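Notes follow the structure.
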Ligand SMILES: Cc1ncc(COP(=O)(O)O)c(C=O)c1O
C-alpha cells in the first residue's frame, strides 16, 4: 500500500460553490484563553452531496444541525469516515494547512475500503481552503493553539437492508483548539481487547474503529491510565498504536516505531516525525516492536523516551506504561531530548517560522 503521495500541492480546477454566510459571527462570545477541545465551533461548514454518480451542490453554510431520516444508512450500517487536520496562521496572517493532500489520499483509502465513493483530492482540498478562508479569523494564534478541521463523509440513503448507500454527504467544519493533552501520558499495553484485525479496517478512519475502542479505553482510564496502547490482535505481543495516535520509542539512541500494517493508521504526524528525525541524523527504525523488548530496554535502563504522535495531540511524551498488572515508569530515564527537538522543528515548520524543506505547508489562497 502506498501511504503518502507525491503529487504537487496545488488545486486543479475551480469549484462551483454557493455561499450562504452568517450575518453575525459568534466569535465575540468565545474566550480564546479558555477553550475546551472540541466544544467551540467556527461559524461555517462546507457541504457537498454525492448523488450516486458525482459530487454536486457544493456550498458553504452556517454551522448548524442537519435533518436526517431515522433510516439514514450510516446510522445503522456504519458507512462513515472522517479526517482530522489543523490550520495555523503565519506571522503575516496567511492561513496555513499542513499536508492536506495526504489527508485527502487517506480519506480516499478509507472510502475505498468502506465501499464509499472517493472524492477528488482537488475538491477535498479546495473545500477546506474555502472554508478556512471564510472562517480565517477563527484560527487562534496563541502558542500551541490551532483551528482543528473535521472533514467527514457518511451514507445518506434511507432504507432498511445491508448494502452500500448510493447517496452520501461530505461535510467539513472547524473548531479552535488548544493542546489535546496537557501532560505526559500513562498508557496501558492492551492484552485482552483488539482494535483491528488483519484484513479488517484498522488502516482506515472509519467511525466504528473509534466506537469499538471506547470500552477498553474507559476500562484503562478506570485503572488510572490515559490511553490504551494497542497490540497485535492475536498474541498481544507487538506494539501497534493508541486509540488516536501512533507511537514511538527511543532506545539505545535509535528512534523506533512499529512498521505500518493494515491494522494501523498511517499517521501523517508519524511520517513527518520520521522525516524530521532522519533529517537530524537520528537513526530511525520502522519495524515490529515486541512488548518483551520494550520491557528489556526498561530493565536495562536503555529506554530513553516514549511518545505518541497525531494531529490533535501533535507529540506527547509517555511517562510510563502498564503491562500485566505492573507499571513501568519512565521518569528518571526519560530525557525527552529527541522528542522535544523534533516537536520544536515540526511546530516551527507548521507555522512557517522555519523553512519547509519537505513542501508540507499549504498556504490558503484568498477567495
Ligand atoms: C488510530 C489513529 N492512529 C494514529 C493517528 C495519527 O494520525 P495523524 O498523525 O495523521 O493525525 C490517528 C489520528 O488521526 C488515529 O485516529
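Derivation of every value follows stated rules applied to the coordinates shown; laboratory data play no part. This structure is a prediction, so every number in the text was calculated from the model and none was measured. Every residue, glycine among them, receives a Cβ derived from its backbone with ideal geometry; neighbour counts consider all protein chains shown.
DSSP beta bridges fully contained in the chain are about 80 percent antiparallel. GNM, the chain, Cα, under 10 Å: largest mean-square fluctuation among 229, 15, 346? Largest GNM mean-square fluctuation: 15. Multiplying the residue separation of residue 262 and residue 91 by 0.36 nm and subtracting their alpha-carbon distance yields 57.6 nm. Of all DSSP beta bridges confined to region 3-128, the antiparallel ones make up roughly 75%.
Students often check this: by mean Cβ neighbours within 10 Å, which of 240-247, 84-91 ranks highest, and how do the rest follow? Don't skip to the answer; put the middle values down first.
Details: 240-247: 24.5, 84-91: 19.2.
Taking the mean over residues of other Cβ atoms within 10 Å, the ranking is 240-247, 84-91.
Peptides 308-320, 55-67 ranked from most to least packed, by the mean per-residue count of other Cβ atoms within 10 Å: 308-320, 55-67. Annotation: the chain has a Kirkwood hydrodynamic radius of 21.5 angstrom, from the mean reciprocal C-alpha pair distance. For region 297-331, backbone nitrogen atoms closer than 18 Å to the point 7 Å from residue 191 Cα along Cα-to-C-beta are found at 297-299, 320-329.
With the largest listed first and rounded to whole Å, the semi-axes of the equivalent ellipsoid of region 96-213 from the Cα gyration tensor are 27, 24, 13. With N the number of residues in region 1-143, Rg(Cα) / (2.2 N^0.38 Å) evaluates to 1.14. Computed over the alpha carbons of region 185-335, Rg followed by Dmax gives 14.4, 40 Å. Sorting 154-165, 179-190, 128-139 by average packing, meaning the other beta carbons within 10 Å per residue, from highest down gives 128-139, 179-190, 154-165. Please list, in order, the residues from region 141-167 whose amide nitrogen is less than 20 Å from a point placed 7 Å along the Cα→Cβ vector of residue 69. Correct set: 153-167.
Rounded to the nearest 10 degrees, the inclination of helix 100-113 to the longest alpha-carbon principal axis of the chain is 90 degrees.
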